[in-house]
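The values are calculated or read from the model by the stated rules, or taken from the named source; none is laboratory data. Quick caveat, the model's predicted, so the values are computed rather than measured. Backbone-built Cβ (ideal geometry, glycine too); neighbour counts: all protein chains shown.
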Amino acid sequence: MGERLAGAEKEVLVEIVRFTQKNGLKGAEGGWKDFLGRNDKKFGVSVSDPKKRTKDVLLAFLLTFSKDFQKYFRKLVRRHTERRAIEQYMNDFSGKVSPEQKLVQLTTEHIEYRKNYYFPSYQEGWKIMRIGKVSNSMNSGAMLAIDCEMVLCHDGTEAVVRVCVVDNKLEVKLDTLVNPCKAIADYRTHITAVSKKDLEGVTCSLVDVQKSLKKILAKGKILVGHSLYRDLHALKFDYSRVVDTAYIFKYANLPTTASASLNSLCKSVCGYSVREEGEPHNCLKDAEAAMNLVIAKLKSGFDDPIEIAENCVPESDQLKLLAHRIPVYLPCKELLKIFSGNPSIEEKIESRIRGNFYSTCILFKDIGEADKAFEELDGQETKDSSGRLQKSVLLKRDNGDVVSFFVRKMVYGSRITNSEISKKRPQPIENEDPKKEDANGDKQKKQRTSKK
């Protein structure tokens, strides 16, 4: 297996090392920075960008992982090889490439693709499906659209409870309820339209659904969905020949990293609403809507940017507030002290740590509770660069220390105007860390970090 990694190009090894960083993966000598600290006496972690390291150093780090992980890394190498083969084929035989495949390529070129579609499929229960021979895939236009509904489980994870799949004629290929096989904390019936009673006697498991997907996606069919990576993550199904309807349109009034909700996009592109305000999701209708968006794109192009109504983020995101720029020494659970209602919190994970700070989501039962909790926060209200409202808040700890961080709404609003800026007193620059005391009372120096 080491030979296969050694044969990979440097840029592929860079991507794999970054993947280990994002997911907090560690080999026999720890994570990437641990490895550098132990093995490079000259530079140590001061030059931690994998791109600035030699291929030999990258390879040496990856070989510290177990054989099981190296087997997964080999799959990532193969995925990169397939992607490059597809790109080469599209350049050499552009006239033979199906319009549907061009939408697959449009999806993979989106700025958020690599962030969201590199799945932790090394974990137990994941299935990885190859796309088959490149030339056959490029000429095929067969498509299936999928949508899932997920519930919140007591262990903090989300689990699939319903899956629907339709083809490009909107004929139903799969429509089934799924038993999560673990304790459910919140059925989210107002969103999922699934209740405890609905799952009584349901025997279909996630493994059964994975087997069905492998069968219906045979011969390189294209899988369509809106923010499809969320469905694939919940399904634990790693598949690369996808069209994400959130990625194939340009938006005139949203940041490049933002996407419109399925409902908002259907209003703008197809001229109809998938659901009325307050109405729960219909898994089948959502799958049909995703397919209708792709059909509209293929028919009419929609190459010019589309105007999208404000507050267009998915309803599941509207149940959240994002807390960010949180000092790493502050435990997640302490954040709950400042919020009204009865929220839960996502644990601090390695992929959300940036230098001396991390971010996490506060989860509420409904949109009203999330809005109320934000309104009741004591802090100066501003807008981030995308027009989302946020507050700079202070939290007093039991030991008397005061910690500051930001709490941001997930919905988009109007961008802040020059007149609004002039009326506000200067705000701390978010991507600059003012001097503050850490957990040991030591002063921290200013340092640049990525802007949230």
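The residue that is modelled with the highest pLDDT, counting only those in region 66-104 that are more than 16 Å from Pro120 (Cβ to Cβ) and of a type in the set (Asp, Glu), is Glu100. Looking across region 120-171 at every residue that is of a type in the set (Lys, Arg) and over 18 Å from Asp208 (Cβ atoms), the one that is modelled with the highest pLDDT is identified as Lys169. Here region 361-377 is the region considered, the condition is being part of a strand (DSSP E or B) and surrounded by fewer than 19 Cβ atoms within 10 Å (Cβ to Cβ), and the residue that is nearest to the chain's Cα centre (by Cα) is Cys361.
Taking only region 202-225 into account, find how many residues are modelled with pLDDT of 95 or more and in a loop (DSSP other than H, G, I, E, B). Residues that pass the stated criteria total 4.
Could you please let me know if Ala252 is hydrophobic (A, V, I, L, M, F, W, C) and under 23 Å from Met143 (Cα atoms)? Steps first, please.
Details: hydrophobic (A, V, I, L, M, F, W, C): yes; under 23 Å from Met143 (Cα atoms): no.
For Ala252, the condition - hydrophobic (A, V, I, L, M, F, W, C) and under 23 Å from Met143 (Cα atoms) - is not met.
Against the conditions (1) of a type in the set (Asp, Glu); (2) in a helix (DSSP H, G or I); (3) more than 15 Å from Arg241 (Cβ to Cβ); (4) at pLDDT below 90, Asp56 satisfies every one except (4). When we screen Ala246, Ala290 for residues that are closer than 26 Å to Ser212 by Cα, touching a His at 6+ places or on another chain (Cβ under 9 Å), in a loop (DSSP other than H, G, I, E, B) and modelled with pLDDT of 90 or more, the only hit is Ala246. Exactly one of (1) at pLDDT 90 or above; (2) closer than 28 Å to Ser48 by Cβ is unmet by Gln390. Its number? Evaluating Gln390 over (1) at pLDDT 90 or above; (2) closer than 28 Å to Ser48 by Cβ leaves (2) as the failure.
Considering only residues in region 106-118 that are farther than 21 Å from Phe237 by Cβ and not charged (D, E, K, R), the one that is modelled with the highest pLDDT turns out to be Leu106. Here is the figure for region 263-303: residues that are without any contact (Cβ under 8 Å) to a residue 40 or more places away in the chain, in contact with a strand residue (DSSP E or B) (Cβ under 9 Å, 6 or more places away or on another chain) and closer than 21 Å to Leu319 by Cβ total 1.
Return the residues of region 154-168 that are within 11 Å of Cys283 (Cα to Cα) and touching a residue at least 40 places away in the same chain (Cβ under 8 Å); say none if nothing qualifies.
So the first thing to find is which residues in region 154-168 are within 11 Å of Cys283 (Cα to Cα), and the list is 161-166.
Across region 154-168, the qualifying residues are Arg162, Val163, Cys164, Val165, Val166.
Answer with yes or no whether Tyr122 is out of contact with any strand residue (DSSP E or B) (no Cβ under 9 Å at 6 or more places or on another chain), hydroxyl-bearing (Ser, Thr, Tyr) and assigned to a helix (DSSP H, G or I). Criteria not met by Tyr122.
Scan region 335-344 and give yes if some residue there is basic (Lys, Arg), at pLDDT 90 or above and not in a loop (DSSP other than H, G, I, E, B), otherwise no. I'd like the intermediate steps shown before the answer.
In the first step, residues of region 335-344 are kept if they are basic (Lys, Arg); the result is 337.
Within this subset, residues satisfying the condition of being at pLDDT 90 or above are 337.
Cutting the leftovers down to not in a loop (DSSP other than H, G, I, E, B) gives us 337.
So far as region 335-344 goes, yes, one or more of its residues are basic (Lys, Arg), at pLDDT 90 or above and not in a loop (DSSP other than H, G, I, E, B).
Residues in region 12-39 that are out of contact with any helix residue (DSSP H, G or I) (no Cβ under 8 Å at 6 or more places or on another chain) and more than 19 Å from Asp68 (Cβ to Cβ) were compared, and the one that is surrounded by the fewest Cβ atoms within 10 Å (Cβ to Cβ) is Arg38. Residues in region 168-186 that are part of a strand (DSSP E or B) and closer than 18 Å to Phe237 by Cβ: 5 in all. Can you find a residue in region 37-44 that is assigned to a loop (DSSP other than H, G, I, E, B) and within 19 Å of Phe119 (Cβ to Cβ)? Scanning region 37-44 turns up no residue that is assigned to a loop (DSSP other than H, G, I, E, B) and within 19 Å of Phe119 (Cβ to Cβ). Scanning region 13-36 for residues that are under 26 Å from the mean Cα position of the chain (by Cα) and in a helix (DSSP H, G or I) turns up Leu13, Val14, Glu15, Ile16, Val17, Arg18, Phe19, Thr20, Gln21, Lys22, Trp32, Lys33. Which residues, taken from region 65-87, are under 19 Å from Gly30 (Cα atoms) and either crowded, with 17+ Cβ neighbours inside 10 Å or in contact with a Pro (Cβ under 8 Å, 6 or more places away or on another chain) (or both)? Result: Phe65, Phe69, Gln70, Tyr72, Phe73.
Looking across region 191-210, the residues that are under 23 Å from the mean Cα position of the chain (by Cα) and under 23 Å from Gly278 (Cβ atoms) come down to Ile191, Thr192.
Scan region 22-48 residue by residue and report those that are of a type in the set (S, T, N, Q) and touching a residue at least 12 places away in the same chain (Cβ under 8 Å). Within region 22-48, Asn23, Asn39, Ser48 meet the criteria.
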